[in-house]
Amino acid sequence: MDVNSLQTNNLSLNSVVLDLDGVLWIGGSLGQGAAAFLDLLKREGLPFCILTNDCSVSKVDRYNSLTRAGLTLNDEQLLTAPEVTRDWLRDAGVRTIMYLGAPRALTDLTKELRVREVAPVDAVVVGDLFAHFDRGAIDRAVKAISQGAILVAMQRNQRWFDGIEWHVDNGFWVAGLEYVTGRQAVVTGKPYSPAYKSALTRLGLTVPSNTFFVSDDIMSDLRGAKNFGLKAVYFGSQSTVPPWVDYVVGDFSSLASLLIGEKHG
Ligand SMILES: [Mg+2]
């Protein structure tokens, strides 16, 4: 048992939000013990939601790859960056968008929105552009922003860790658009508050303090979760963590012990 409780509190746990890449999903396949861990949460009746910043594929694509790997989830248990962005756009009253990102992910974004390729639009939404870069679309997006469209980023991370190695992330594109337009993006994904708000809504909660957020990413995911009022659980092998991290676990066995203990505690 390597559960290390860095802080104590009197609150009992009522739900869990889990990072996907680097926790449940390692380098393109299911992490060892991940399926059994989620089965345990289901048996214990502990509500959970998986929250990912990935906007390179559609939710159905991601859902299918998780199912093929052995995870059985319902729709509410997987929350993607495009869905978080859709929640934010709806709440902000946005009706028309220009979209810079992976075509498959657009299906999760546009249920109530009209997509246009030229200005005017209410918002320019940036997802994962790495395989879909189009200079003409960038020019049109900059023009739309200069005419008043809001710049909305599904996430603005510098880089991401897939559980094996680091990769450049979509902040690469967002920072470029900010630089050219002089505008700052509204960011919906982790570590910004819309992501955590959407996750709580999926869990049917309005108060964050009895929810644990589990991630391998301290300075982005967990810092944002902590700022939002969630309990921060670091999942990984780093030996030192900042003092504001609430718990440290090294594997699913330890995580299960922590969560079940807190639920009944
Ligand atoms: Mg991660």
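The values are calculated or read from the model by the stated rules, or taken from the named source; none is laboratory data. What you are looking at is a predicted structure, and each value in this text was computed from that prediction instead of being measured. Note: ideal-geometry Cβ built from the backbone for every residue, glycine included; neighbour counts use all protein chains shown.
Listed values, structure above:
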{"read-out": "Among (1) over 30 Å from residue 138 (Cβ atoms); (2) at pLDDT 95 or above; (3) crowded, with 17+ Cβ neighbours inside 10 Å, the one test that residue 208 misses", "value": "(2)"}
{"read-out": "Candidate set from the stretch 145-160 (those that are within 17 Å of the chain's Cα centre (by Cα) and either surrounded by fewer than 18 Cβ atoms within 10 Å (Cβ to Cβ) or without any contact (Cβ under 8 Å) to a residue 24 or more places away in the chain (or both)); member that is farthest from the ligand (Cβ to nearest atom)", "value": "158"}
{"read-out": "Tally of residues being touching a residue at least 60 places away in the same chain (Cβ under 8 Å), surrounded by 23 or more Cβ atoms within 10 Å (Cβ to Cβ) and part of a helix (DSSP H, G or I) across the stretch 221-257", "value": "3"}
{"read-out": "Residue that is charged (D, E, K, R), within 16 Å of the ligand (Cβ to nearest atom) and not assigned by TED's automatic domain parsing to the domain that holds residue 17, where the choices are 178, 165", "value": "165"}
{"read-out": "Residue count for the stretch 62-83, restricted to those that are more than 23 Å from residue 194 (Cα to Cα) and among the charged types (D, E, K, R)", "value": "1"}
{"read-out": "Residues satisfying the stated conditions in the stretch 219-235, i.e. at pLDDT 95 or above and not basic (Lys, Arg)", "value": "221, 222, 224, 225, 227, 228, 229, 230, 232, 233, 234, 235"}
{"read-out": "Hey, residue 199 within 16 Å of the ligand (Cβ to nearest atom) and touching a Lys or Arg at 6+ places or on another chain (Cβ under 8 Å) or not", "value": "no"}
